[in-house]
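Have a look at the structure below before the remarks.
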Ligand SMILES: C[S@@+](CC[C@H](N)C(=O)[O-])C[C@H]1O[C@@H](n2cnc3c(N)ncnc32)[C@H](O)[C@@H]1O
């Protein structure tokens, strides 16, 4: 039976690829690598580097997938993403059927960890649900950008007994920050931390964490807001893309047991 590995490869540092991931990568006949366009070609290159660096007997094939277009005319964000995932499912199904022999092993190399803001497992579920092809699959965890951020800032994400909320820039609000001690924000293209009213909230920010382009800044929002915004925009200008994550820590947030 065909086998698929969904392998977390960490957030951009080849030394943060786990031994389990390296062992799985060495079983693979075909790597399916999604190309998300020119600006993200560094990410595609990183996946190729991982293969070159860690595969002992390089007899594998690489199939590049052009990511389908997300239709902005569809009304809600959720419907847009669902339609986009359906298209991905059809493309992946076709490739698994046509590019992978019955006894071969394929893999998707997932940025960070597959459990966090990544749609590959949802797309795999859709393919299985369609029942057109059959395969076995296994998920190999990777280091997330959140873990890499915490390690580089030398912090724990939570104080003793506190909660952590992980969300996106789109969902960040002053209410959330005033009711949650620790909020981790990902997928934020617009520096949404600017909209948090309490400027004494602390931010631990990182872009390209773990890679040689890494930038780290921390302090209260009052102290760092402008420098983070400037650093992010300069980095985006220079590299054509930027991925950043941050922790907002609000020591005065309301706790249920206080
Ligand atoms: C589509 S999500 C993928 C998250 C990934 N699965 C993970 O485990 O980290 C992309 C977001 O992850 C964050 N991210 C990924 N790699 C990063 C890095 N090296 N440095 C900072 N943030 C990163 C950014 O917030 C980016 O917008």
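With contacts taken as Cα pairs under 8 Å and at least 6 residues apart, the range 146-249 reaches a relative contact order of 31 percent.
Among 146, 228, 19, the largest mean-square fluctuation in a Gaussian network model of the chain, built with springs joining Cα atoms closer than 10 Å, belongs to 19.
Quick check: from the Cα gyration tensor, does the chain come out rounded (a/c under 1.5), prolate or oblate? Intermediate results must be reported in sequence, preceding the final value.
Details: a/c = 1.97, a/b = 1.74, b/c = 1.14.
Prolate, because a/c is 1.5 or more and a/b exceeds b/c.
For the chain, the longest principal axis of the C-alpha atoms and the axis of helix 120-130 are separated by about 40°. Each of 216, 248 has some number of other Cβ atoms within 10 Å of its Cβ, and from fewest to most they run 216, 248. Taking springs between alpha-carbon atoms closer than 10 angstrom, which of 240, 106, 129 fluctuates most in the Gaussian network model of the chain? Among 240, 106, 129, the largest mean-square fluctuation in the Gaussian network model of the chain belongs to 129. Measuring nothing but how far apart in sequence close Cα pairs (under 8 Å, 6+ apart) lie, relative to its length, the range 2-143 scores a relative contact order of 48 percent. Going from the residue with the fewest nearby Cβ atoms within 10 Å to the one with the most, 84, 69, 241, 205 rank 69, 241, 84, 205. Taking only the C-alpha atoms of the range 146-249, the Rg (one decimal) and the largest Cα-Cα distance, Dmax (whole number), read 12.8, 41 Å. As a rough footprinting exposure proxy, the listed residues 62, 144, 167 were ranked by other beta carbons within 10 Å of their own, and the order from fewest upward is 62, 167, 144. Helical content alone sets the calculated 222 nm signal of the chain at -11000 deg cm²/dmol, taking -39,500 (n - 2.57) per DSSP H segment of four or more residues and averaging over every residue. Remark: relative contact order (the chain) = 23 percent; criterion is Cα-Cα distance under 8 angstrom and separation of 6 or more residues.
Read the figures in this text as sums done on the coordinates, not as results from a lab. From a predicted model like this one, the values you see are computed outputs, not experimental measurements. Counting neighbours? That spans all protein chains shown, and the Cβs are built from the backbone with ideal geometry, glycine included.
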